[in-house]
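Participant: Here it is: the structure, laid out below.
The values are calculated or read from the model by the stated rules, or taken from the named source; none is laboratory data. Please read these numbers as outputs of a predicted model, since none were measured by experiment. Glycine also receives a Cβ, built like all others from the backbone with ideal geometry; neighbour counts cover every protein chain displayed.
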Amino acid sequence: MIKTVGVLGAGQMGNGIAHVFAQFGYDVVLYDIASQQLEKAVATIRQNLERQAKKGAIPESLVAETMKRIRTTQNLTDLSGVQFAVEAVTEHEPLKLEIFRKLDEVVQPDAILASNTSSIPITKIASVTKRPEKVIGMHFMNPVPIMKLVEVIRGHATSEETFQTTAALVAKLEKEMAVSQDYPGFIVNRVLIPMINEAVFALYEGIATAEDIDKGMKLGTNQPMGPLTLADFIGLDTVLAIANVLYDGFKDPKYRPCPLLVKMVNAGYLGRKSGRGFYSY
């Protein structure tokens, strides 16, 4: 029975994952190398819980209870007692592999290690540990407290027991699970990133303005936001990283990133987080 959960990385995804686990009664150890990031994460979680309470989505009393279950640390060894760990650091393969190597040494041999990666193969991540059967992909959607989907990805060696434990956790968090095979991009990004990339090509080739591309997709296909607005929300560097994973993984030219996307990332126009992407913020 899982009671304690470690979350590695206190950015946008990590704080959301810590939030939902703590909200549903799990004791959470939230790890990040930067104290500033941890402080920001705690403030964001409190703010989001208060917003949920104000809307009547959760009882007022749950705000303080949830916050009490979250402990922050800059020391990886503080995760030694967790039964389940979710890695949510930057979508950068060498960094993820390094984290899993270290995590494998720190946590109990029977603990499950999950990655929130949106595109890096779980089989590859598992291969740097001594417990590949206990490594799984658990890809939450952003913003985590609101989005219902969790993509669960079995690596080549992931055991049935690990899968069942993870599936039970998804249900406990009142989320829906979509199960994917371990191929680049899994389900969501395999479909989503080429759509965003094609929207960038439409802009690059002068087919329409960014506003009209987004309006067309929003009103024409009933999406809550247009693909270029969504790219700015995700971060253009992340979109490019996933596009490159698809391109490298399949060696198929249909996945090649649009030159405009590459140029914008090189210029530091990363979307909302940098104040400028396809739109200004």
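Participant: Could you check how many residues of the range 255-272 are out of contact with any Phe, Trp or Tyr (no Cβ under 9 Å at 6 or more places or on another chain) and assigned to a helix (DSSP H, G or I)?
Facilitator: Residues meeting the conditions: 3.
Participant: May I ask you to say which residue of Met177, Met195 is touching a residue at least 24 places away in the same chain (Cβ under 8 Å) and in a helix (DSSP H, G or I)? Give the derivation first.
Facilitator: On the way: Met177 fails: in a helix (DSSP H, G or I).
Being touching a residue at least 24 places away in the same chain (Cβ under 8 Å) and in a helix (DSSP H, G or I) holds for just one of Met177, Met195, which is Met195.
Participant: OK, next. Please state which of the following conditions Lys172 fails to meet, knowing it meets all the rest: (1) in the same structural domain as Lys124 (by TED's automatic domain parsing); (2) at pLDDT below 95.
Facilitator: (2)
Participant: With assigned by TED's automatic domain parsing to the domain that holds Phe100 and modelled with pLDDT under 95 as the only criterion, which of Gln12, Gln23, Gln47, Gln36 stands out?
Facilitator: Gln12
Participant: Among the residues of the range 119-130, is any touching a strand residue (DSSP E or B) at 6+ places or on another chain (Cβ under 9 Å), part of a helix (DSSP H, G or I), surrounded by fewer than 22 Cβ atoms within 10 Å (Cβ to Cβ) and of a type in the set (A, V, I, L, M)?
Facilitator: Scanning the range 119-130 turns up no residue that is touching a strand residue (DSSP E or B) at 6+ places or on another chain (Cβ under 9 Å), part of a helix (DSSP H, G or I), surrounded by fewer than 22 Cβ atoms within 10 Å (Cβ to Cβ) and of a type in the set (A, V, I, L, M).
Participant: Among all residue pairs at least 6 apart or on different chains, which show Cβ distances below 8 Å where the first residue, located in the range 203-220, is over 14 Å from Ala231 (Cβ atoms) and the second is among the hydroxyl-bearing types (Ser, Thr, Tyr) and part of a helix (DSSP H, G or I)?
Facilitator: none
Participant: Now for a different question. Could you list, in sequence order, the residues of the range 202-228 that are of a type in the set (Ser, Thr, Tyr) and either out of contact with any Cys (no Cβ under 6 Å at 6 or more places or on another chain) or farther than 15 Å from Leu260 by Cβ (or both)?
Facilitator: Once the filter is applied, which keeps residues that are of a type in the set (Ser, Thr, Tyr) and either out of contact with any Cys (no Cβ under 6 Å at 6 or more places or on another chain) or farther than 15 Å from Leu260 by Cβ (or both), the range 202-228 yields Thr209, Thr221.
Participant: Further question on the same structure: Consider Gln164 against the criteria (1) closer than 24 Å to Thr4 by Cβ; (2) without any contact (Cβ under 8 Å) to a residue 24 or more places away in the chain; (3) assigned to a loop (DSSP other than H, G, I, E, B): it satisfies all of them except one. Which criterion is unmet?
Facilitator: It is condition (3) that Gln164 fails.
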